Amino acid sequence: MMEFVSNYGLFLAKAATILIFIWLLLSLIVSLTHKPQEQDQIEIKKLNDKFDNLKLLMQKSMLSQKQAKEFIKKRKKQNKKNKSEGGRQRVFVLNFVGNIKASAVKHLRKEITALLAVATPEDEVVICLENAGGMVHEHGFASSQLERIKQRKIPLTVTVDKVAASGGYMMACVADRIVAAPFSIIGSIGVIAQLPNFNRLLDKHGIDYEQVKAGDLKRTLTMFGKNTDEDRERFTEQMEEIHALFKQFVAENREQIDIQEIATGEHWLGKRALELKLVDELITSDDYLLRKSESADVYEIKHSAPKTISEKIMGNAQLAFEKVMTVLWERKLFS
(Lines give C-alpha, C1' and ligand atoms only; values in the text may rest on other atoms or scores of the structure.)
Protein backbone atom coordinates (compact mmCIF):
# COMPACT_ATOMS: atom_id res chain seq x y z
CA MET A 1 0.00 0.00 0.00
CA MET A 2 2.78 2.43 0.93
CA GLU A 3 4.56 1.61 -2.32
CA PHE A 4 1.39 2.41 -4.28
CA VAL A 5 1.01 5.76 -2.50
CA SER A 6 4.65 6.59 -3.15
CA ASN A 7 4.42 5.68 -6.86
CA TYR A 8 1.16 7.59 -7.20
CA GLY A 9 2.73 10.67 -5.58
CA LEU A 10 5.70 10.52 -7.96
CA PHE A 11 3.31 10.20 -10.91
CA LEU A 12 1.46 13.33 -9.75
CA ALA A 13 4.76 15.20 -9.37
CA LYS A 14 5.81 14.29 -12.93
CA ALA A 15 2.40 15.23 -14.31
CA ALA A 16 2.47 18.55 -12.44
CA THR A 17 5.96 19.28 -13.78
CA ILE A 18 4.85 18.69 -17.38
CA LEU A 19 1.74 20.84 -16.94
CA ILE A 20 3.79 23.64 -15.37
CA PHE A 21 6.26 23.53 -18.27
CA ILE A 22 3.43 23.73 -20.82
CA TRP A 23 1.78 26.57 -18.91
CA LEU A 24 5.03 28.53 -18.74
CA LEU A 25 5.63 27.99 -22.46
CA LEU A 26 2.14 29.25 -23.30
CA SER A 27 2.63 32.24 -20.96
CA LEU A 28 5.87 33.10 -22.75
CA ILE A 29 4.19 32.93 -26.17
CA VAL A 30 1.30 35.13 -25.01
CA SER A 31 3.70 37.63 -23.39
CA LEU A 32 5.80 37.89 -26.54
CA THR A 33 2.79 38.39 -28.83
CA HIS A 34 0.99 40.96 -26.66
CA LYS A 35 2.47 44.23 -25.51
CA PRO A 36 1.84 44.92 -21.83
CA GLN A 37 -0.91 47.42 -21.21
CA GLU A 38 0.16 48.13 -17.65
CA GLN A 39 1.64 51.48 -16.74
CA ASP A 40 3.55 52.80 -13.78
CA GLN A 41 1.24 53.46 -10.87
CA ILE A 42 1.43 55.41 -7.63
CA GLU A 43 -0.50 53.73 -4.83
CA ILE A 44 -1.62 55.83 -1.86
CA LYS A 45 -2.81 54.21 1.35
CA LYS A 46 -4.03 56.08 4.42
CA LEU A 47 -2.37 54.43 7.40
CA ASN A 48 -4.71 56.09 9.92
CA ASP A 49 -7.42 53.69 8.80
CA LYS A 50 -5.10 50.74 9.36
CA PHE A 51 -4.25 51.88 12.89
CA ASP A 52 -7.89 52.68 13.68
CA ASN A 53 -9.04 49.26 12.52
CA LEU A 54 -6.44 47.52 14.66
CA LYS A 55 -7.53 49.57 17.65
CA LEU A 56 -11.20 48.83 16.91
CA LEU A 57 -10.48 45.10 16.66
CA MET A 58 -8.79 45.10 20.06
CA GLN A 59 -11.54 47.17 21.67
CA LYS A 60 -14.25 44.85 20.34
CA SER A 61 -12.46 41.91 21.93
CA MET A 62 -12.06 43.57 25.32
CA LEU A 63 -15.18 45.70 25.71
CA SER A 64 -18.78 44.69 26.23
CA GLN A 65 -21.16 45.04 23.31
CA LYS A 66 -22.54 48.28 24.70
CA GLN A 67 -19.08 49.72 25.35
CA ALA A 68 -17.92 48.69 21.88
CA LYS A 69 -20.86 50.52 20.29
CA GLU A 70 -20.04 53.62 22.31
CA PHE A 71 -16.39 53.39 21.21
CA ILE A 72 -17.38 53.10 17.52
CA LYS A 73 -19.78 56.02 17.84
CA LYS A 74 -17.12 58.13 19.50
CA ARG A 75 -14.56 57.25 16.84
CA LYS A 76 -16.93 58.18 14.00
CA LYS A 77 -17.66 61.49 15.68
CA GLN A 78 -13.95 62.23 16.05
CA ASN A 79 -13.23 61.32 12.41
CA LYS A 80 -16.06 63.59 11.27
CA LYS A 81 -14.68 66.40 13.40
CA ASN A 82 -11.18 65.96 11.94
CA LYS A 83 -12.55 66.15 8.40
CA SER A 84 -14.65 69.23 9.09
CA GLU A 85 -11.86 71.10 10.85
CA GLY A 86 -9.21 70.29 8.25
CA GLY A 87 -5.76 71.78 8.58
CA ARG A 88 -4.23 68.61 10.04
CA GLN A 89 -0.63 67.96 9.20
CA ARG A 90 0.01 65.39 6.49
CA VAL A 91 2.77 62.79 6.79
CA PHE A 92 3.93 61.03 3.63
CA VAL A 93 5.62 57.66 4.19
CA LEU A 94 8.03 56.05 1.70
CA ASN A 95 9.75 52.68 2.11
CA PHE A 96 13.26 52.04 0.86
CA VAL A 97 14.87 48.58 1.09
CA GLY A 98 18.35 48.84 -0.36
CA ASN A 99 20.83 46.46 -1.93
CA ILE A 100 24.40 46.83 -3.17
CA LYS A 101 23.20 48.75 -6.26
CA ALA A 102 20.46 50.71 -4.46
CA SER A 103 18.18 49.53 -7.26
CA ALA A 104 15.06 50.64 -5.35
CA VAL A 105 16.01 54.23 -6.22
CA LYS A 106 14.09 53.78 -9.51
CA HIS A 107 10.91 53.66 -7.41
CA LEU A 108 12.07 56.23 -4.85
CA ARG A 109 12.65 58.98 -7.41
CA LYS A 110 9.10 58.60 -8.80
CA GLU A 111 7.55 58.47 -5.34
CA ILE A 112 9.35 61.68 -4.38
CA THR A 113 8.32 63.37 -7.62
CA ALA A 114 4.70 62.47 -6.86
CA LEU A 115 4.69 63.74 -3.28
CA LEU A 116 6.52 66.95 -4.17
CA ALA A 117 3.56 67.81 -6.38
CA VAL A 118 1.36 68.17 -3.28
CA ALA A 119 3.58 68.40 -0.17
CA THR A 120 4.27 71.70 1.57
CA PRO A 121 6.64 72.79 4.35
CA GLU A 122 3.76 72.23 6.81
CA ASP A 123 3.82 68.50 6.01
CA GLU A 124 6.42 65.84 6.83
CA VAL A 125 8.07 63.07 4.80
CA VAL A 126 9.11 59.86 6.55
CA ILE A 127 11.50 57.42 4.88
CA CYS A 128 11.45 53.92 6.39
CA LEU A 129 14.99 52.90 5.50
CA GLU A 130 16.68 49.51 5.47
CA ASN A 131 20.02 49.69 3.71
CA ALA A 132 23.41 48.09 4.42
CA GLY A 133 25.22 50.08 1.74
CA GLY A 134 26.94 49.25 -1.53
CA MET A 135 28.18 51.14 -4.59
CA VAL A 136 29.15 54.76 -3.94
CA HIS A 137 27.62 56.38 -7.02
CA GLU A 138 24.34 54.47 -6.69
CA HIS A 139 23.85 55.48 -3.06
CA GLY A 140 25.02 58.98 -3.80
CA PHE A 141 22.21 59.26 -6.33
CA ALA A 142 19.71 57.91 -3.79
CA SER A 143 20.89 60.55 -1.29
CA SER A 144 20.38 63.22 -3.94
CA GLN A 145 16.75 62.14 -4.25
CA LEU A 146 16.24 62.78 -0.52
CA GLU A 147 17.93 66.16 -0.88
CA ARG A 148 15.13 67.15 -3.27
CA ILE A 149 12.79 67.06 -0.27
CA LYS A 150 15.13 69.18 1.85
CA GLN A 151 15.42 71.75 -0.94
CA ARG A 152 11.65 72.26 -0.76
CA LYS A 153 11.97 72.99 3.01
CA ILE A 154 9.76 69.97 3.81
CA PRO A 155 10.68 68.30 7.13
CA LEU A 156 12.33 64.93 6.47
CA THR A 157 12.56 62.07 8.96
CA VAL A 158 14.34 58.76 8.42
CA THR A 159 13.38 55.73 10.52
CA VAL A 160 15.74 52.76 10.84
CA ASP A 161 14.47 49.48 12.25
CA LYS A 162 17.30 47.20 11.13
CA VAL A 163 20.26 48.81 9.38
CA ALA A 164 21.48 52.08 7.88
CA ALA A 165 25.17 51.52 7.28
CA SER A 166 27.73 52.88 4.83
CA GLY A 167 25.71 54.04 1.80
CA GLY A 168 22.59 53.51 3.90
CA TYR A 169 23.80 56.08 6.42
CA MET A 170 24.79 58.36 3.54
CA MET A 171 21.07 58.43 2.74
CA ALA A 172 19.92 58.70 6.37
CA CYS A 173 22.16 61.63 7.27
CA VAL A 174 20.33 63.87 4.78
CA ALA A 175 17.28 63.85 7.07
CA ASP A 176 16.41 66.57 9.57
CA ARG A 177 15.77 63.81 12.08
CA ILE A 178 16.89 60.17 12.33
CA VAL A 179 15.06 57.76 14.61
CA ALA A 180 16.24 54.18 15.10
CA ALA A 181 15.34 50.98 16.90
CA PRO A 182 17.60 50.22 19.89
CA PHE A 183 19.33 47.27 18.20
CA SER A 184 19.52 48.65 14.67
CA ILE A 185 22.96 48.88 13.01
CA ILE A 186 24.11 52.42 12.33
CA GLY A 187 27.25 53.99 10.87
CA SER A 188 30.04 52.23 8.92
CA ILE A 189 31.29 55.51 7.48
CA GLY A 190 34.14 54.06 5.49
CA VAL A 191 35.02 52.72 2.05
CA ILE A 192 36.14 49.23 1.10
CA ALA A 193 37.04 47.45 -2.12
CA GLN A 194 38.44 44.01 -2.71
CA LEU A 195 39.09 41.82 -5.72
CA PRO A 196 40.91 38.56 -6.43
CA ASN A 197 43.97 38.39 -8.67
CA PHE A 198 44.41 35.38 -10.95
CA ASN A 199 47.69 36.42 -12.51
CA ARG A 200 49.81 33.64 -10.95
CA LEU A 201 47.19 31.01 -11.84
CA LEU A 202 47.12 32.16 -15.47
CA ASP A 203 50.91 32.28 -15.59
CA LYS A 204 51.12 28.75 -14.18
CA HIS A 205 48.97 27.43 -17.05
CA GLY A 206 50.77 29.47 -19.71
CA ILE A 207 47.89 31.87 -20.34
CA ASP A 208 48.87 35.38 -21.38
CA TYR A 209 46.77 38.39 -20.41
CA GLU A 210 46.94 41.50 -22.55
CA GLN A 211 45.68 44.90 -21.44
CA VAL A 212 45.95 48.01 -23.56
CA LYS A 213 45.20 51.43 -22.08
CA ALA A 214 45.66 55.04 -23.11
CA GLY A 215 46.47 57.03 -19.99
CA ASP A 216 48.65 55.61 -17.23
CA LEU A 217 45.88 55.83 -14.63
CA LYS A 218 43.01 54.55 -16.76
CA ARG A 219 43.15 51.27 -14.82
CA THR A 220 44.99 50.62 -11.54
CA LEU A 221 44.40 47.22 -9.90
CA THR A 222 43.33 44.39 -12.18
CA MET A 223 42.05 40.85 -11.65
CA PHE A 224 44.18 39.20 -14.34
CA GLY A 225 47.30 41.29 -14.87
CA LYS A 226 50.25 41.72 -12.53
CA ASN A 227 49.60 44.48 -10.00
CA THR A 228 52.46 46.77 -9.01
CA ASP A 229 53.07 48.78 -5.86
CA GLU A 230 52.35 51.90 -7.92
CA ASP A 231 48.95 50.47 -8.90
CA ARG A 232 48.13 49.72 -5.26
CA GLU A 233 49.23 53.17 -4.14
CA ARG A 234 47.07 54.92 -6.73
CA PHE A 235 44.06 52.71 -5.90
CA THR A 236 44.49 53.54 -2.21
CA GLU A 237 44.57 57.24 -3.06
CA GLN A 238 41.28 56.87 -4.91
CA MET A 239 39.74 55.13 -1.90
CA GLU A 240 40.97 57.84 0.45
CA GLU A 241 39.50 60.50 -1.82
CA ILE A 242 36.09 58.79 -1.77
CA HIS A 243 36.28 58.44 2.03
CA ALA A 244 37.11 62.14 2.38
CA LEU A 245 34.07 63.09 0.31
CA PHE A 246 31.91 60.70 2.32
CA LYS A 247 33.06 62.26 5.60
CA GLN A 248 32.48 65.77 4.24
CA PHE A 249 28.96 64.85 3.13
CA VAL A 250 28.05 63.41 6.54
CA ALA A 251 29.62 66.33 8.42
CA GLU A 252 27.69 68.87 6.35
CA ASN A 253 24.37 67.11 7.01
CA ARG A 254 25.00 66.16 10.69
CA GLU A 255 26.81 69.14 12.13
CA GLN A 256 26.29 67.87 15.69
CA ILE A 257 28.58 64.85 15.29
CA ASP A 258 32.35 64.53 15.75
CA ILE A 259 33.23 63.31 12.26
CA GLN A 260 36.73 62.17 13.22
CA GLU A 261 35.33 59.98 15.98
CA ILE A 262 32.69 58.24 13.91
CA ALA A 263 34.28 58.05 10.42
CA THR A 264 36.44 55.02 11.24
CA GLY A 265 34.36 52.51 9.30
CA GLU A 266 32.87 51.12 12.52
CA HIS A 267 29.17 50.53 13.06
CA TRP A 268 27.19 50.74 16.30
CA LEU A 269 23.89 49.57 17.68
CA GLY A 270 21.13 52.14 18.05
CA LYS A 271 21.74 52.99 21.71
CA ARG A 272 25.43 53.75 21.18
CA ALA A 273 24.61 55.58 17.94
CA LEU A 274 22.35 57.88 19.95
CA GLU A 275 25.24 58.71 22.30
CA LEU A 276 27.43 59.50 19.29
CA LYS A 277 24.63 61.69 17.88
CA LEU A 278 24.35 59.59 14.74
CA VAL A 279 20.62 59.32 15.48
CA ASP A 280 18.22 61.58 17.38
CA GLU A 281 15.80 59.19 19.08
CA LEU A 282 15.37 55.50 19.85
CA ILE A 283 11.98 54.35 18.58
CA THR A 284 10.72 51.88 15.99
CA SER A 285 9.05 53.05 12.79
CA ASP A 286 5.78 51.45 13.96
CA ASP A 287 5.67 53.51 17.16
CA TYR A 288 6.78 56.67 15.38
CA LEU A 289 4.03 56.43 12.75
CA LEU A 290 1.45 55.40 15.34
CA ARG A 291 2.33 58.47 17.36
CA LYS A 292 2.09 60.66 14.28
CA SER A 293 -1.30 59.25 13.34
CA GLU A 294 -2.84 60.68 16.51
CA SER A 295 -2.42 64.24 15.25
CA ALA A 296 -1.78 63.92 11.51
CA ASP A 297 -3.09 62.22 8.39
CA VAL A 298 -0.52 59.58 7.46
CA TYR A 299 -0.28 58.43 3.85
CA GLU A 300 1.94 55.66 2.50
CA ILE A 301 3.09 56.22 -1.08
CA LYS A 302 4.29 53.34 -3.21
CA HIS A 303 5.37 53.27 -6.85
CA SER A 304 4.73 50.07 -8.78
CA ALA A 305 5.92 49.29 -12.29
CA PRO A 306 4.84 46.47 -14.62
CA LYS A 307 7.13 43.45 -14.43
CA THR A 308 9.22 42.46 -17.41
CA ILE A 309 8.54 39.18 -19.23
CA SER A 310 11.53 37.50 -17.59
CA GLU A 311 10.43 38.68 -14.12
CA LYS A 312 6.93 37.30 -14.68
CA ILE A 313 8.21 33.95 -15.91
CA MET A 314 10.71 33.55 -13.08
CA GLY A 315 8.10 34.60 -10.52
CA ASN A 316 5.53 32.16 -11.86
CA ALA A 317 8.09 29.36 -12.09
CA GLN A 318 9.20 29.90 -8.51
CA LEU A 319 5.59 29.95 -7.27
CA ALA A 320 4.77 26.76 -9.17
CA PHE A 321 7.88 25.01 -7.88
CA GLU A 322 7.04 25.98 -4.30
CA LYS A 323 3.51 24.58 -4.71
CA VAL A 324 4.80 21.26 -6.05
CA MET A 325 7.35 20.99 -3.24
CA THR A 326 4.65 21.75 -0.67
CA VAL A 327 2.38 19.01 -2.04
CA LEU A 328 5.22 16.49 -2.04
CA TRP A 329 6.22 17.44 1.46
CA GLU A 330 2.67 17.09 2.70
CA ARG A 331 2.55 13.59 1.21
CA LYS A 332 5.77 12.85 3.10
CA LEU A 333 7.52 11.61 0.00
CA PHE A 334 10.79 13.07 1.22
CA SER A 335 10.65 11.70 4.73
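The values are calculated or read from the model by the stated rules, or taken from the named source; none is laboratory data. The structure presented is a predicted model; accordingly, all values stated were derived computationally and were not measured. Note that each Cβ is placed from the backbone with ideal geometry, even for glycine, and that neighbours are counted across all protein chains shown.
Checking each residue in the stretch 234-269 for being part of a loop (DSSP other than H, G, I, E, B) and in contact (Cβ under 8 Å) with a residue 60 or more places away in the chain picks out ARG254, ALA263, THR264, GLY265, GLU266. Report yes if some residue within the stretch 193-200 is farther than 24 Å from VAL136 by Cβ, under 38 Å from the mean Cα position of the chain (by Cα) and not β-branched (Val, Ile, Thr); otherwise report no. Looking for residues that are farther than 24 Å from VAL136 by Cβ, under 38 Å from the mean Cα position of the chain (by Cα) and not β-branched (Val, Ile, Thr), one finds at least one in the stretch 193-200, hence yes. Would it be correct to say that SER144 is more than 11 Å from the chain's Cα centre (by Cα), small (Gly, Ala, Ser), farther than 19 Å from GLN89 by Cα and surrounded by fewer than 21 Cβ atoms within 10 Å (Cβ to Cβ)? So SER144 fits the description; yes. Got at least one residue in the stretch 167-185 being among the β-branched types (Val, Ile, Thr) and either more than 15 Å from VAL125 (Cα to Cα) or modelled with pLDDT under 95 (or both)? Yes, because at least one residue in the stretch 167-185 is among the β-branched types (Val, Ile, Thr) and either more than 15 Å from VAL125 (Cα to Cα) or modelled with pLDDT under 95 (or both). Can you tell me which of GLU130, GLU124, GLU138 is over 24 Å from TRP268 (Cα atoms) and either surrounded by fewer than 18 Cβ atoms within 10 Å (Cβ to Cβ) or not hydroxyl-bearing (Ser, Thr, Tyr) (or both)? Of the residues listed, the single one that is over 24 Å from TRP268 (Cα atoms) and either surrounded by fewer than 18 Cβ atoms within 10 Å (Cβ to Cβ) or not hydroxyl-bearing (Ser, Thr, Tyr) (or both) is GLU124. Of all residues in the stretch 276-296, those that are over 19 Å from LYS46 (Cα atoms) have Cβ atoms under 7 Å from Cβ atoms of residues that are β-branched (Val, Ile, Thr) and assigned to a loop (DSSP other than H, G, I, E, B), 6 or more apart or on another chain, in LEU276/ILE257; LYS277/ILE257; LEU278/ILE257. Inspection of the stretch 211-232 identifies no residue that is under 24 Å from the mean Cα position of the chain (by Cα), of a type in the set (Gly, Ala, Ser) and more than 30 Å from GLU43 (Cα to Cα).
LEU202 meets all of the listed conditions (1) of a type in the set (A, V, I, L, M); (2) more than 23 Å from GLU237 (Cβ to Cβ); (3) in contact with a Lys or Arg (Cβ under 9 Å, 6 or more places away or on another chain) but one, namely (3).
The rows are residues; the columns are (1) touching a Pro at 6+ places or on another chain (Cβ under 7 Å); (2) charged (D, E, K, R); (3) assigned to a helix (DSSP H, G or I).
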| position | (1), (2), (3) |
| --- | --- |
| VAL91 | no, no, no |
| ALA102 | no, no, no |
| LYS110 | no, yes, yes |
| PRO121 | no, no, no |
| PHE141 | no, no, yes |
| ARG148 | no, yes, yes |
| THR157 | no, no, no |
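Would you check if there is a residue in the stretch 184-195 being touching an Asp or Glu at 6+ places or on another chain (Cβ under 9 Å), in a loop (DSSP other than H, G, I, E, B) and over 30 Å from LYS292 (Cβ atoms)? Scanning the stretch 184-195, I find at least one residue that is touching an Asp or Glu at 6+ places or on another chain (Cβ under 9 Å), in a loop (DSSP other than H, G, I, E, B) and over 30 Å from LYS292 (Cβ atoms), so the answer is yes.
Within the stretch 95-107, not a single residue is over 15 Å from VAL158 (Cβ atoms), modelled with pLDDT of 95 or more and in contact with a helix residue (DSSP H, G or I) (Cβ under 9 Å, 6 or more places away or on another chain). Across the stretch 28-68, the number of residues qualifying as surrounded by 11 or more Cβ atoms within 10 Å (Cβ to Cβ), assigned to a helix (DSSP H, G or I) and at pLDDT 70 or above comes to 8.
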